[in-house]
Structure formats: structure tokens, C-alpha cells
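Colleague: Starting off with a structure, shown below.
The values are calculated or read from the model by the stated rules, or taken from the named source; none is laboratory data. What you see is a predicted model; the values in this text were computed from it and never measured. Here Cβ is always computed from backbone atoms with ideal geometry, including for glycine, and neighbour counts include all displayed protein chains. For accessibility, only protein heavy atoms count, side chains too; no ligands or nucleic acids. Shrake-Rupley method; radii C 1.70, N 1.55, O 1.52, S 1.80 Å.
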Amino acid sequence: MINRIHAWHISAAVVLAAPVFTGRMDAQALTMDGNSGIFFQPWADVVPSAAGKFGAPTVSFHVVDAGPVAGDYLNVGVEEGFGNWLEFGYTRSNHTDGGNPAISPLFNFAGMDIFNVKAKVLPANYHGHKYLPAISLGGVLRTNDPFISQSVAHKNATNGDIYLVGSKLFVVGGKFAFLLTGGVRGTNAQKYGYGGNTLNWQARAFGGIAFPIPIKKLLVIAPTFEIDQEPEKVKYVPTATLPTDLIYAVRISHAVDSRWSFDIGTGHIGATLGPGINIKVNNAIAFAADFRL
């Protein structure tokens, strides 16, 4: 029986990248923050749109079975693209209460508002350089973040990320492909805001790899691995030390245009963060669905 995962970083867990065997990534799948990408981390492409025009919006749904300590998390978001170089959107993160009387009060709040924007500054294979990745610059703003800060300081927090990311889809012999993505983000958020704020702004690295496998030209199944370096400390809880996120997932996507996708995954976020602080998250389970209208 799979352990129910605690997910204050809700983060932990779920799914990722499904590129298709094309020259680009049809990046309709959205992260927990709402930008196109894997589960937590963005990739360098943007949601599809025609040159000089707005595209059809992409809607997303993420749910994490967060276990008895932190409760459950449910995110609903919408993302819009323009000119195939810009995307922006809004995600509402919702939360149900956990039942641990000692630790759950740090997380038993309604949720937060998440705004994101990303611009592609360099397309893949620019000027015929076939190994050159796409490169994008983006940012995330989280407001009304109640986790930990509301319980300790009796006020909501604001935090965010500024990131630079590169992504490249490699196709080998027309039958095997893999997507590499990686970058660096400056952040003052712990566990992407689900663990509140950090002590200060820090630079953190992230990266991922996905292996898209076509199934009879109808579906793409993409096993994926994601690693997200996190700040070690969390504001207001000086005895807690938080580990790097390791996420393993599978995405099932529509093969031709990646218009829809379904994701399921698991992750390692940590359990005992300090003396008397066991959030019971050795594993995490989550589900996501995305659809481009």
C-alpha cells in the first residue's frame, strides 16, 4: 500500500514532461505554479500560439494526496500564450486541513494565489545550431501565502522565483528521443511556497530528463525524472532542514499536438526535518491533467 504523502510542498510529487517527436515541445502541460513545464520546474518553451496572436488558453488541474499531517492540495490554473514567445497565467492553490495536532497547524490554511510570466529569448537550433537549446527567462509571484507564516507570525507571506532555463529535445535515429532541461532560479520561497518563506533570497539549481515513447502514433508516454534544489532553512522554524526534491513521474499525452495530458508521479521530499518535526513525506503521490482549449 502506498504511503499517503504529505504534500506541503505538494510539491512532491507528480509528473512531468511529455514532448513529442517534433522539432519543438508542444508545451501545453503546466507546472504547479502554472507555467509550462514539468511538475515544479519550468521548461524553456511556452504554450503554443501563432505569430503576433494570442493562442487558446490551457487549463490545468493538480491534486496531491498529502497525508495526515499537511492535508491535501488542489491547484487550478489557466495559462495564455502570445506570439509563440510569451506566456502568462494565474493559478489558485487550495488546501484541506491535516489532522496532526502538533504540526498540522503550520499548514492548515486555505491556500495562495500564484501569478507567472515567461518569455522565450532564444529558440532551439537558433541560426542552424542543432545542439543549441531553447532559452527562456521567467518569474513567479506568490501572494497570500499562509503556510507557516500565518501560524507563527499571524500574517500571510509573499514570495517568488526569477529563473533562467534551457531545454532541448534530442531525437536519435528517428526512433529514440529524450528531453533535457535545466536552469537556475533565485527564490525566497521554501518548497515553492508550500513550505512558506526562506531566510533570504538564494540561487538554486534544477534539472530534469524525460524519455517520450510514441504508442501507435496516438499517445506519447514519457517517464521523467526531476531534481529541484531547495534552500535548506525555512523562516520561523530554525530547527528544520529541508532536502532536495527528487520526483519520478510518467506523463501520457496526445501524440500529434500534445493538446491534453495526464500525469501521475511520486517523489522524495523528506520526513524528519528536525527534532519533533516529522511531516511523513518519504513518498508523495499526485495527479495532474492539462487541456488546451
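Colleague: Which condition breaks for residue 140 when tested against (1) over 30 Å from residue 210 (Cβ atoms); (2) of a type outside the set (S, T, N, Q); (3) open to solvent by less than 50 Å² (accessible area, probe 1.4 Å); (4) in contact (Cβ under 8 Å) with a residue 40 or more places away in the chain?
Modeller: Residue 140 satisfies every listed condition except (1).
Colleague: For the range 185-208, enumerate the residues that are of a type in the set (S, T, N, Q) and either within 26 Å of residue 264 (Cα to Cα) or without any contact (Cβ under 8 Å) to a residue 24 or more places away in the chain (or both).
Modeller: 190, 200
Colleague: Quick one: would you say residue 142 is assigned to a strand (DSSP E or B), in contact with a helix residue (DSSP H, G or I) (Cβ under 7 Å, 6 or more places away or on another chain) and of a type in the set (Lys, Arg)?
Modeller: Judged against the criteria, residue 142 is a match.
Colleague: Ok, one more. In the range 145-157, which residues are on the phi > 0 side of the Ramachandran plot and buried (at least 16 other Cβ atoms within 10 Å of the Cβ)?
Modeller: 148
Colleague: State whether the residues of the range 54-69 include one that is touching a Ser or Thr at 6+ places or on another chain (Cβ under 7 Å), modelled with pLDDT under 95, open to solvent by less than 10 Å² (accessible area, probe 1.4 Å) and over 17 Å from residue 267 (Cβ atoms).
Modeller: no
Colleague: With the checklist (1) open to solvent by 30 Å² or more (accessible area, probe 1.4 Å); (2) in a strand (DSSP E or B); (3) closer than 30 Å to residue 169 by Cα in hand, flag the one item residue 87 doesn't pass.
Modeller: (1)
Colleague: So how many residues does the range 265-293 have that are in contact (Cβ under 8 Å) with a residue 24 or more places away in the chain and either charged (D, E, K, R) or assigned to a strand (DSSP E or B) (or both)?
Modeller: 20
Colleague: Residue 191 fails exactly one of the following numbered conditions: (1) open to solvent by less than 30 Å² (accessible area, probe 1.4 Å); (2) farther than 20 Å from residue 38 by Cβ. What is the number of that condition?
Modeller: Result: residue 191 passes all but (2).
Colleague: Of all residues in the range 246-267, which are among the basic types (Lys, Arg) and open to solvent by less than 10 Å² (accessible area, probe 1.4 Å)?
Modeller: The one that is among the basic types (Lys, Arg) and open to solvent by less than 10 Å² (accessible area, probe 1.4 Å): 251.
Colleague: While we're here: Would you pick out the residues in the range 110-137 that are more than 18 Å from residue 87 (Cβ to Cβ) and assigned to a loop (DSSP other than H, G, I, E, B)?
Modeller: Scanning the range 110-137 gives 110, 125, 129, 130, 131, 132.
Colleague: Right, something else. Of all the residues that make up the range 207-245, how many are more than 26 Å from residue 259 (Cα to Cα), aliphatic (A, V, I, L, M) and buried (at least 24 other Cβ atoms within 10 Å of the Cβ)?
Modeller: Selection size over the range 207-245: 1.
Colleague: Kindly indicate which of 134, 51, 153, 102 is more than 22 Å from residue 193 (Cβ to Cβ), in contact (Cβ under 8 Å) with a residue 60 or more places away in the chain and out of contact with any strand residue (DSSP E or B) (no Cβ under 8 Å at 6 or more places or on another chain).
Modeller: Selected residue: 102, the only one of 134, 51, 153, 102 that is more than 22 Å from residue 193 (Cβ to Cβ), in contact (Cβ under 8 Å) with a residue 60 or more places away in the chain and out of contact with any strand residue (DSSP E or B) (no Cβ under 8 Å at 6 or more places or on another chain).
Colleague: Now a separate question. Using beta carbons and a limit of 8 Å, which pairs, at least six apart or on different chains, have the first residue in the range 209-230 and on the phi > 0 side of the Ramachandran plot and the second one open to solvent by 70 Å² or more (accessible area, probe 1.4 Å)?
Modeller: Within 8 Å, the pairs are 217/256.
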